[in-house]
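These notes concern the structure reproduced below.
The values are calculated or read from the model by the stated rules, or taken from the named source; none is laboratory data. Given the structure is predicted, the values throughout are model-derived calculations rather than measurements. Reconstructed Cβ throughout: ideal geometry from the backbone, glycine too, with neighbour counts over all protein chains shown. In case anyone asks, the SASA skips ligands and DNA or RNA and just uses the protein heavy atoms, side chains included. Shrake-Rupley method; radii C 1.70, N 1.55, O 1.52, S 1.80 Å.
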Amino acid sequence: MKDSDFIDRELSWIEFNARVLNEAARKEIPLLERLKFICIVSSNFDEFFQVRIASVKRQKVQQEPLLKKISKRCHQLTDIQYDLLKNEILPSLAKEGISYIDADNYTAQQKAFIESHFRHNIAQVLTPLRTDNTPFPHIKNMETYASFMLEQMSGVHKRKDDIMQPADEHPIALVQLPSNIERIIWLPANDSTRQFTLLDDILSVCGKELFPGYMVKETMFFQIVRDADSAVDEESKEFIQAMKNILVKRQSSFAVRMVCTSTSKTMLSFMQEKLSLSDDDVYTVYGIVNPSKLISLTELDDVQNLLYPEWKHFQSPDLPEEETYWNTLRQKDILVHVPYESYDPIIKFIKDAARDENVLAIKITLYRTGNNSPIIKYLKEASQNGKAVTVFIELKARFDEERNISWSTELENAGVTVIYGVVNLKVHAKICLVIRREADGIRRYLHVSTGNYNPKTATLYQDLSILTSNHEIATDAQMFFNIISGYSIVKPMSHLFMAPTILKSRLIEMIRREKDLSTQENPGHIVAKMNSLCHKEIIEELYKASQAGVKIELNVRGICTLKPGVAKKSENIKVVSIIDRYLEHSRIFYFKNGGSEELYMSSADWMERNLDRRIELMIPITDATVFKNVKDILFLYFQDNTHSHTLQKDGSWKQNKPLKKEQSVRAQEVLYKKYKKQNDIRKSKPRTEFIVRRKD
């Protein structure tokens, strides 16, 4: 197939960020939720430039036209983002009693406060750096700096022999804003309103105190984004040290983008020359270099009216609250759907395994676990309780490398067997196997998920988990762990499908089967939900299935390089994307299979990296009740007409809207109300209580 049969991956990602930004622009969304989306856009762009654009820039000669398109669209979205922030979000916050006061609008009282605050709490931490030395000062990745153009005060004479005096008439000095000082500074107020300024604003007013004998002619704040796509030496005998070296290298790799607050040609040209940045790499913005720092405003007290109404995380009605789950799981599989349902059962599953004297072993894969992880705590406890605990921890999880190195050290110190992934492959599967001695022999209990073992993100990301003691699936799980930890000729597993060995070929086989079984009277049907779709082999098979009359519905949150709706190629394919209060993260795949329906959930997106270069798992859903629930969840997403967009064949996305308000369907709200109703019914059921009489 030709490149024209696909949407460009990088441009598709940018349009995902445009859909996120669209949520920030919606006036019906609570104000601080809109601010959250503004912050998410900034964080998304930072990662995009560090990883994807850095990769494209390495091929600059071949990719110059693409880089131009990327720059043009990213500048457009950045302008929209800052226009929203400056002209809608911040003024609306001021009306709600939370006012941003910039350096140009300090009252005399506020100026006195910030000058005192600067002298007592900030100045001592700052280190001004001259720029006329060789080498040029090191500019750290993702840190905010102030740049000052100076001019000697009249009447101040410098000594000719003073080596600290610059040769330049207008020297430029740099000051890093310390990351350990709060960026938001609250100002004293005379009324009930809350007023804040930024460390940037304080430094712009007080920075002159750092340069005795000089005036500040111009000030610019900026942040440099550097390449973070460096690969670790997988063959290194000192793998952890090699990973640490990568983290150090990330701070000094080549610059990819500069976000700055000044149009001063002198300072811009100076920084561009020093950092080898073109005009396309420079993003001049209003006032706030990194809006993601404003996220703490959403955590203030008494702002609930500016946020979405609270949605609770309900307890699963199928699991006992006090007892262990072993008896329940011997009878049936349990589906846990976060964040609508609480993540507590997953933590309890591991905690109970750690403390149960009959549990012999625990095996688990960890990718991103978050800070202060209770899962790490219970795995350490399990080892200390004499259980054989094996943890496959992926050190190459980008931007979580440092935390994962720390976890691995803690676990090893507690006696856990730690395996640092697989050479040249990332272990991205999410699976935990518990081996327990019981009256009738050894039984295995299994947790498989579409999301990470991270309790914090489980309150924000939509994911599915299955808890099961299914013998066949548990046997495959044990084989899976043996494969990735030891020497093994990979055997096909009966129920679990593993990438990069069999998962892709299984997907292709099922797509082709759907095509072969499809007739005009009984057309095939494929429904899939994922984060990204850009695997060309998979897309080509979907095109062929569409041409054979198979109805294909795809819910793709982020990147999608498939072109839907193209005559005689993909006219039977529809692609939708949902951006709402929760991040859609689960991967679910449905195949009609001539009426013998099959349904799977997986850790893998349909991308080259997932299917060809990662250890991933796909699990069939075999329990009838779980099957119905997951299928209903999957199909619901295609009814959403309030927070969904439909992909057009030119790569643009069209927002879906209900014809009438009463016809509106918001998938996430429907799901929340479903779980709330379940919880209300469970709580309303009378509890059976036996009163036992005893002799006095």
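A few comments on the model shown:
- Positions within segment 103-116 being open to solvent by 40 Å² or more (accessible area, probe 1.4 Å) and either touching a residue at least 12 places away in the same chain (Cβ under 8 Å) or β-branched (Val, Ile, Thr) (or both), in sequence order: Thr107, Gln109, Lys111, Phe113, Glu115
- Ile511 meets the conditions (1) β-branched (Val, Ile, Thr); (2) open to solvent by less than 50 Å² (accessible area, probe 1.4 Å); (3) not in a helix (DSSP H, G or I) in every case but one. The failed one is (3).
- Residue in segment 11-33 that is in a helix (DSSP H, G or I), of a type in the set (Ser, Thr, Tyr) and open to solvent by 10 Å² or more (accessible area, probe 1.4 Å) present: no
- Restricting segment 476-526 to residues that are basic (Lys, Arg) and closer than 26 Å to Lys426 by Cα, the residue that is modelled with the lowest pLDDT is Lys491.
- Those residues of segment 563-583 which are more than 22 Å from the chain's Cα centre (by Cα) and not in a strand (DSSP E or B), in sequence order: Lys563, Pro564, Gly565, Val566, Ala567, Lys568, Lys569, Ser570, Glu571, Asn572
- Filter result (in a strand (DSSP E or B) and touching a Cys at 6+ places or on another chain (Cβ under 9 Å)) within segment 531-562: Leu533, Leu554, Cys560, Leu562
- Matching residues in segment 299-316 - criterion: being in contact with a helix residue (DSSP H, G or I) (Cβ under 8 Å, 6 or more places away or on another chain) and either of a type in the set (Val, Ile, Thr) or part of a loop (DSSP other than H, G, I, E, B) (or both): Val303, Leu307, Tyr308, Glu310, Trp311, Lys312, His313, Gln315, Ser316
- Selection of segment 42-52 for residues being more than 17 Å from Tyr582 (Cβ to Cβ) and either surrounded by 21 or more Cβ atoms within 10 Å (Cβ to Cβ) or within 13 Å of the chain's Cα centre (by Cα) (or both) yields Ser42, Phe45, Asp46, Glu47, Phe48, Phe49, Gln50.
- Residues within segment 85-102 that are assigned to a helix (DSSP H, G or I) and open to solvent by 10 Å² or more (accessible area, probe 1.4 Å), tallied: 8
- Among residues of segment 417-430, those that are touching a Leu at 6+ places or on another chain (Cβ under 8 Å) and open to solvent by 10 Å² or more (accessible area, probe 1.4 Å), counted: 3
- The set of residues in segment 514-546 being open to solvent by 40 Å² or more (accessible area, probe 1.4 Å), in contact with a Lys or Arg (Cβ under 8 Å, 6 or more places away or on another chain) and of a type in the set (Asp, Glu) consists of Glu537 alone.
- Whichever residue in segment 366-394 is over 17 Å from Ile431 (Cβ atoms) and among the basic types (Lys, Arg) and, among such residues, is most open to solvent (accessible area, probe 1.4 Å): Lys377
- Filtered by the rule that a residue be touching a strand residue (DSSP E or B) at 6+ places or on another chain (Cβ under 7 Å) and among the aliphatic types (A, V, I, L, M), segment 560-573 gives Leu562, Ile573.
- Those residues of segment 611-639 which are touching a Ser or Thr at 6+ places or on another chain (Cβ under 9 Å), open to solvent by less than 20 Å² (accessible area, probe 1.4 Å) and assigned to a loop (DSSP other than H, G, I, E, B), in sequence order: Tyr637
- Selection within segment 431-467: residues that are part of a strand (DSSP E or B) and of a type in the set (Asp, Glu). The member of this set that is least open to solvent (accessible area, probe 1.4 Å) is Asp463.
- Exclusive hit being open to solvent by less than 30 Å² (accessible area, probe 1.4 Å) and among the charged types (D, E, K, R), set Asp318, Asp352: Asp352
- Subset of segment 286-340 [β-branched (Val, Ile, Thr), closer than 30 Å to Ser43 by Cα and in contact with a strand residue (DSSP E or B) (Cβ under 6 Å, 6 or more places away or on another chain)]: Val289, Val336, Val338
- Qualifying positions in segment 596-610 - under 19 Å from the mean Cα position of the chain (by Cα) and part of a loop (DSSP other than H, G, I, E, B): Ser603, Ala604, Asp605, Met607
- Any hit, segment 102-109, residues being over 30 Å from the mean Cα position of the chain (by Cα), within 27 Å of Ser43 (Cα to Cα), aliphatic (A, V, I, L, M) and modelled with pLDDT under 95: yes
- Only listed residue being farther than 22 Å from Lys676 by Cβ, more than 25 Å from the chain's Cα centre (by Cα), at pLDDT 95 or above and assigned to a loop (DSSP other than H, G, I, E, B), chosen from Thr328, Thr324: Thr324
- Failed condition for Gly549, given (1) more than 32 Å from the chain's Cα centre (by Cα); (2) open to solvent by less than 10 Å² (accessible area, probe 1.4 Å): (2)
- Number of positions in segment 183-197 that are more than 12 Å from Tyr106 (Cα to Cα) and either open to solvent by less than 20 Å² (accessible area, probe 1.4 Å) or assigned to a strand (DSSP E or B) (or both): 4
- Test: Lys68 is among the basic types (Lys, Arg), in contact (Cβ under 8 Å) with a residue 12 or more places away in the chain, buried (at least 19 other Cβ atoms within 10 Å of the Cβ) and more than 25 Å from Pro564 (Cα to Cα): no
- Number of residues in segment 264-298 that are part of a helix (DSSP H, G or I) and open to solvent by 60 Å² or more (accessible area, probe 1.4 Å): the value is 8.
- Residue within segment 37-44 that is closer than 21 Å to Ile185 by Cβ, assigned to a helix (DSSP H, G or I) and among the β-branched types (Val, Ile, Thr) present: yes
- Count of residues meeting criterion [touching an Asp or Glu at 6+ places or on another chain (Cβ under 8 Å), farther than 20 Å from Gln655 by Cα and surrounded by 22 or more Cβ atoms within 10 Å (Cβ to Cβ)] in segment 560-584: 0
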